[in-house]
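Read through the structure below, which is laid out as structure tokens, and then see the notes.
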Amino acid sequence: MGTEAGATRALQPALMRARGLGKRYVQRTPFSQQSFAIEALVNVDFEIAPGCLTALVGESGSGKSTLASCLAMIGKPDSGEIWFEGNEISHWSKRKLAPLRPKIQLVFQDSAGALDPRFSAAQIIEEPLEIQRRESRQTLRARARELMEEVGLSPDWANRSPLQLSGGQRQRLAIARAIALKPSLLILDESLSGLDLSTQAQILNLLLDLKAARSLTVLLISHDLSLVGQVADFVAVMHQGRIVESASTRQVFGSAQHPQTCKLLASVRVLEAAFQTARAGGRG
Amino acid sequence: MMPSMTSAVKSPIRYLERRAIHAILLLLGASLLSFLFSSLAPGSFFDEMKLNPQISPETVAALRSQYGLDQPLPVRYVRWVKSVLRGEWGYSFAYNQPVRSLLMVRARNTLLLTTLALALAWLIAVPIGVWIASRRGRWDDQLASASTSLLLSVPELVLALGLLYLVIRTHALPVGGMVSTGFDRLGSWEQVRDLAAHLIVPVTTLVLASLPILIRHVRASMIEVLQAPFIQAARGHGISRSRLLFCYALPAAANPLISLFGLSVAGLLSGSLLVEVIAGWPGLGPLLLEACFSRDIYVVIGVVMASTMFMILGSLLADVMLVVADPRVRTDHA
Amino acid sequence: MSTPNSMPSTCASALLRVRGLTVNYDARNQQPVPALRQVDLEIAPGEIVGILGESGSGKSTLALSILGLLPESAQVEGSIFLEGENLSSMAESRWAAIRGARIAMIFQEPGLSLSPVMRAGDQIGEVIRAHRNGSSKQRKQEVQSALKDAGIADVERIYRAYPHQLSGGELHRVAIAQALVCRPALVIADEPTRSLDVTMQSEIQNALLDINRKYGSALLFITHNPALLAGFADRVLVMYAGRIVEAGPVAQMYRGPLHPYTRGLLQLVPEPVMHSGHISGFARRERLAAIPGSLTRFDPLGRGCAFEPRCSARTANCQIESPEEIAPEPDRRVSCFNYGN
């Protein structure tokens, strides 16, 4: 872990901290007596600083989603500890975890799959509100419309089904649902992959706005370093279930140590330097 | 990382061993339950005789004792199991013979009927289902959907009676039974013709009764697959239409159909009861009916056990076919 | 090839020529939805052309039109010529001979574009079978050589594998092998790297470049990310709302984009901070330079430029009139009243 980043972070207690997390999946074919294990997480130490945007980067299969599901209390790690708000929660029962759930929300990559197409946009946002509180229909609907506006969706679309929305609009809807309960931590698991560049930029701007307006802590998971490099405060790189590099963005980019980080950096697609000159204006 | 293939080869045997154990347990359970229920039903085989004033109650009691019907339930059960292990499967009071020989003959007759109907129904349903799925929404699809709905709404009973009526009125076919009188005197080709003529009504009824459901399932499964991206991609590579339907779409649509086929096989012994009774086909159906009414309990239990065995067979067949047909079930993921 | 349907061509060597292609999708009880409007396009043999556009810009419709894969309810006007042959009014049987053999497509999400119950090698073999006679042994050899060309090392394992046993990168290479196996003159790649990690994107593009060099297949590469076309495509066509709004050689266009939309797209590519030849970071932004708004359903009867609501360079005229196409330089086209501003 980077020393100066670590020192800065140590000034503020981490919002969430994982120590020595381990998780393995066992796969078995129907007829075979053999099974083989996949080490999804190996001795993972990870911290999320409050009020910051932390990025978790790695290739497919590096364990990012597994880590996200453990942090979001959806999956249970096989070993290790998770600390949230001063409590060690990795072994808590479902009932004990229930009051914590509104505080950590997860947005998935596949928005079409994550949102029930039978419900309207407003109903999707209302659902978590309904479960957690008892308010009248009108109040719920009004809150849903407010949230839609906040994420950049027109409240006129309250009755639209998610299938009628574009990919970017669906992700906005998923974000609206996630922030409905005023979480302290928002985890986005590859939520920007598969979106157009222009939509990605808009959603990132939305996240930055939300982060500022609601003092939200954001964990952004992606395979694209260039994407997160523009907005993240801290970057952690994962490879084969381990965190191989974890420091402030400047450090990770400036003095990348691990070969995996270098590999990710090298594969970033940018316009060649020669083209940069004319970017600021129109024709040269 | 791929697991070694040798372990996959060894384990089908272990798999079958497991299934065999499950099957035996299931059969035991089924036998216990059917024993229990049939014994709970009031009356016994000899009750009819009680009504007859000419037979004394002592004779009835003696007969009952002779056949062991006065013994407590567990004792009778154990005796029955012993009889099964001896190969007799109990004793039929009405027919005065071990249940097994009775069952075998009747089961053979039933199977002749049902396997023929099964094969015909599937051979007709699959091409039709595939075709109308590819013509979704057009006139032939709508015609087929209307016809299957109509057919579906007609109860099997009515179908059987209707066909019977038609046949009787037109004297087109012999009615009732499996073969005509004087069968033995016919030459072998005539024997086949005679059998076939008797088969027509019950087989047609069974086929017509099961076609609508089969066609609908094939159609539904095909329609779902035809909307998959890989079909359009294959079309984009220049694959011909017929190849798309039968080599790309149908294999991918096979899973639910295989399960359905397994169910069909499972019902081979039990699905034709009504038709057999009406058409007078000497299969398990009429036997079971008679035995229920006359409290010939060991016959009843025997038929139930035979049906259970077929159900196990059908489900096993479906599972094996699924593994063979769908590589996703058979192999592991990367 | 000169047939009665062939168009007298000024540039006789054009492989694909699209003129005035207009496609409307039929929506029941509603106005037809426009997907493409007056698209003109030319591809020379062996050329690599990039199509740049967002979702909804009509780029997939363009790809499907060239292969005749539009649904029957689509209303198509305009003409498409392949090596002089008019594809627009062809019978389905003739299409089957062209698809996969002279024009091949690499679809998005190869995991979904392959049959789940057929082995990868067999599926590639099917493409050969559809177009050529030959023994299965011959086919197998051709498939194996195609897999090698697509950059696969472990040919035997991939040949026998089912799609669900393959990783994302392997699936993409199988799709490439399938597209090149009949040596088509034109390969259309529809967002071939969208679902891949960045590390795989370069590999896939390199595989496509290899095919272009080795077999001379022209390539039509469709993407939403301008960075993927740099150092890859020869020419780029920028699409917006069913129209081509700018076209030109990639280097010139990226150095000096003419259309405000192109400029906006280029600004979306993260700007690296270089340090002795390596990337040492990315320009930190408080906000990213996103193009405001989104591509909405455009009104087919609407006059005016479709991009106007989101344009930073718009003037009063833009709402009223739709800009014509101009060629401010040889080789470059743009449809904008205020280009270059």
Identify, among A:129, A:227, A:192, the residue whose Cα sits farthest towards the positive end of the charge dipole of chain A, taking +1 on the Cβ of Lys and Arg and -1 on the Cβ of Asp and Glu, with the dipole about the Cα centre. A:129
Treating only the Cβ atoms of Lys and Arg (+1) and Asp and Glu (-1) as charged, compute the dipole magnitude of the range B:211-329 about its Cα centre; round to the nearest 20 debye. 620 debye
Counting only other chains, and only Cβ atoms inside 10 Å, what mean value do you get across the residues of A:229-240? 2
Taking a cut-off of 38 Å, what percent of all Cα-Cα pairs in chain C are separated by more than that? 19 percent
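Give the residue list of GluC sites (Glu not before Pro) in the range C:63-154 that are DSSP loop and have at most 11 other beta-carbon atoms within 10 angstrom. Numbers along the way, then the final one.
Numbers: sites: C:72, C:77, C:83, C:85, C:92, C:126, C:142; in loops: C:72, C:83.
Answer by residue number: C:72.
Set the Förster radius R0 to 35 Å, insert the Cβ-Cβ distance between residue A:135 and residue C:73 as r into 1/(1 + (r/R0)^6), and round the FRET efficiency to 0.05.
Numbers: r = 45 Å, r/R0 = 1.30.
Rounded to the nearest 0.05, the efficiency is 0.15.
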Rounded to 0.05, the calculated FRET efficiency for the beta carbons of residue B:197 and residue B:71 at R₀ = 51 Å is 0.60
Among C:57, C:93, C:202, determine the one that fluctuates most according to a GNM of chain C built with springs between C-alpha atoms less than 10 Å apart. C:93
Taking only Cα atoms of the protein assembly as shown, radius of gyration then Dmax in Å: 35.6, 123
Lys, Arg +1 and Asp, Glu -1 on Cβ, resulting dipole of chain B about Cα centre, debye, nearest 20: 900 debye
Return the single residue from B:55, B:231, B:132 with maximal mean-square fluctuation; model: Gaussian network over chain B, springs between Cα atoms under 10 Å. B:55
Within the range B:273-315: backbone nitrogen closer than 12 Å to the residue B:27 label point (7 Å, Cα to C-beta): B:305-313
Gaussian network model of chain B, Cα springs within a sub-10 Å range: biggest mean-square fluctuation belongs to which of B:107, B:94, B:209? B:94
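Quick one: pull the percentage of alpha-carbon pairs in the range B:238-334 with a separation above 16 Å.
Details: 3151 of 4656 pairs.
Result for the distance tail: 68 percent.
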Nearest-0.05 FRET efficiency for residue A:19 and residue C:137, computed from C-beta distance (R0 56 Å): 0.45
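In peptide B:283-290, what is the residue-averaged number of other protein chain Cβ atoms found within 10 Å of each Cβ? Provide the component values of the computation, followed by the final result.
Values: counts 0, 0, 0, 0, 0, 0, 0, 0.
Taking all residues of B:283-290 together, the mean is 0.
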Using a Cα-Cα cut-off of under 18 Å, which aspartates and glutamates could be cross-linked to residue C:148, ignoring same-chain neighbours fewer than 8 residues away? C:122, C:126, C:156, C:170, C:203, C:210
Simple spin-label model, 7 Å along Cα-to-Cβ: residue B:79 to residue B:96 in nm? 2.0 nm
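If chain A were replaced by its equivalent ellipsoid, with semi-axes equal to the square roots of 5 times the Cα gyration tensor eigenvalues, what would those be, largest first, whole Å?
Details: eigenvalues 176, 146, 78 Å².
Square roots of five times the eigenvalues give 30, 27, 20 Å.
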With a point put 7 Å past each Cα toward its Cβ, work out how far residue A:76 is from residue C:22 in nm, to one decimal. 6.5 nm
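What does the charge dipole of the protein assembly as shown about its Cα centre add up to, to the nearest 20 debye, if the Cβ of each Lys and Arg holds +1 and the Cβ of each Asp and Glu holds -1?
Details: 95 positive and 80 negative charges, 193 e Å.
In total the dipole reaches around 920 debye.
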Report the one residue of B:133, B:284, B:232 whose Cα lies farthest in the direction of the positive end of the charge dipole of chain B (charges on C-beta: Lys and Arg +1, Asp and Glu -1; origin at the Cα centre). B:232
Which one, C:150, C:236, C:81, is farthest towards the positive end of the dipole of chain C when Lys and Arg carry +1 and Asp and Glu -1 on their Cβ? C:150
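Students often get this wrong, so check it: of A:76/A:96; A:76/A:103; A:23/A:263; C:59/C:214; A:76/A:263, which have C-alpha atoms separated by over 19 Å?
Working: A:76/A:96 14 Å; A:76/A:103 17 Å; A:23/A:263 25 Å; C:59/C:214 27 Å; A:76/A:263 31 Å.
Long pairs (Cα-Cα over 19 Å): A:23/A:263; C:59/C:214; A:76/A:263.
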Expressed as a whole number, the average count of other chain Cβ atoms within 10 Å around the Cβ atoms of C:230-238 is 1
Label-point separation (nm) for residue C:210 and residue B:166, each offset 7 Å from Cα along Cα-to-Cβ? 6.5 nm
Cα long-axis angle, helix B:57-66 against chain B (0 to 90 degrees, to the nearest 10): 50 degrees
How far, in degrees from 0 to 90, does helix B:5-40 lean away from the longest principal axis of the Cα atoms of chain B, to the nearest 10? 40 degrees
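Bear in mind that the values in this text are calculations on the coordinates, not laboratory data. All figures in this text were calculated on a predicted structure; none of them were measured in a lab. All Cβ positions, even for glycine, are placed from backbone atoms using ideal geometry, and neighbour counts span all protein chains on display.
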